[in-house]
Amino acid sequence: MQCAACRREAVVFQPYSGKHLCSVHFTKDFEAKAKRAIRKNRWLLPGDHTAVVLTGDAAQAALLVFLYKLTKDRRDVRLSAIVIDEGVGEPAGCARQAAERCGIGIFAGSFAERYGTTRERLVQNEGVAATDWICRVLTGDLAAEIAAANGITRLAIATTVDDPAIRFFSDLLNGTVEQTLFARETVGLLKIPVIRPFMDIPKTEVYHYAGLAGAGTGSTGTTVPTGDSDAEVVLAAYDNRHPATKFALANLAGTLAKIAGKNRITGGTCPVCSGPLENGNCFDCAVRRRYAWRADE
Ligand SMILES: [Zn+2]
Ligand SMILES: [Zn+2]
């Protein structure tokens, strides 16, 4: 199949746009979308020191490569990487290599050192779904601690359009809308502002971009845990036949979060971390009580 914009052979098909694109025009389209998200949200301002959080997912390596290309000629912004070793073999393998190749400063943290546990051990004790949630909280807190200690002003997270879509769909099926209605604009207990340049891009395209950028193609974990893989499977099947579904869900989730934020119609916020409460409970702080605060004592 020929590229929609030139005579080269297409390597990517975008079911939602109906376009086949070659690697050059795919990259152009991809980077334009990420840049638009950054501009629209004013996510890259003079004086910023942004760090990409890396735990081993190729999407994170893709984000690092993209931000490096975007900022390498700018003297008014600084880019770093925060590598969190969750304890699953090679710490952030391909992502760390990408950071080293770009000559980006690396700050490192480890679950074993900070929390006295590893993702592997958590999976054994808590199961996969709970572990995804726990690791999101613990990684976020640790990344925020490293950021605060090193003058990092923003944390870049490789959220794709799939993440809020799956979260929302799963929330709908489970009747737990609190997570969807709560817009997470900071990371960790120390509340470092977050940027999500890939938020309008499907996960498959992020992995494709990672592959083209030589930053790996696979995933060793999900960027946003849903705790409900059934929902993910059902949504994927539906999305296959209706390719705009994930965009629609993500958009609606964003709109609802804005309305909920303005009208304060969520179940309240946690006095400790400002996260969403569900029936008066903060699930994030429950994780901290179990794994982080115990380690502090
Ligand atoms: Zn082309
Ligand atoms: Zn809390």
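Computed about the Cα centre, the dipole magnitude for the range 42-296 is approximately 720 debye when only Lys and Arg (+1) and Asp and Glu (-1) carry charge, each at its Cβ.
Amide H to amide H distances under 5 Å link R78 with D48, H49, T50, where only residues 5 or more positions off or on other chains count and H is placed in the peptide plane. Pairs exceeding a 20 Å alpha-carbon distance, out of K19/K40; K203/K258; K28/K69; K35/K191; K35/K203: K19/K40; K203/K258; K35/K191. In this structure, the amide hydrogen of F198, modeled 1.01 Å from its nitrogen in the peptide plane, lies closer than 5 angstrom to those of T159, counting only residues at least 5 positions away or on a different chain. Averaged over its residues, the chain has an accessible area of 48 Å² per residue, based on protein heavy atoms and a 1.4 Å probe.
Placing +1 on each Lys and Arg Cβ and -1 on each Asp and Glu Cβ, with no other charges, gives the range 1-121 a dipole about its Cα centre of roughly 720 debye. Ligands, DNA and RNA left out, the accessible area of the chain computed with a 1.4 Å probe is 52% carbon and sulfur.
Using a cutoff of 8 angstrom between alpha carbon atoms and counting only pairs six or more residues apart, the relative contact order for the chain works out to 20 percent. Peptides 58-70, 111-123, 187-199 ranked from most to least packed give 58-70, 187-199, 111-123, packing being the mean of other C-beta atoms within 10 angstrom over each peptide's residues.
Under a 5 Å amide H cut-off, with hydrogens placed 1.01 Å from N, D85 pairs with G109, S110, F111 among residues at least 5 apart or on other chains. Here the 3J(HN,Hα) profile of the range 126-139, calculated from phi with Karplus coefficients 6.51, -1.76 and 1.60 at θ = phi - 60°, is 10, x, 5, 4, 5, 5, 4, 5, 4, 5, 4, 5, 5, 5 Hz, Gly and Pro shown as x. Considering helices alone, the calculated mean residue ellipticity of the chain at 222 nm is -15000 deg cm²/dmol, with DSSP H runs of length four and up weighted by -39500 (n - 2.57) and normalised per residue.
The values are calculated or read from the model by the stated rules, or taken from the named source; none is laboratory data. Keep in mind the model is a prediction, meaning the values are calculated, not measured. Reconstructed Cβ throughout: ideal geometry from the backbone, glycine too, with neighbour counts over all protein chains shown. Quick note on the areas: whole protein, heavy atoms, side chains included, nothing else; ligands and nucleic acids left out. Shrake-Rupley method; radii C 1.70, N 1.55, O 1.52, S 1.80 Å.
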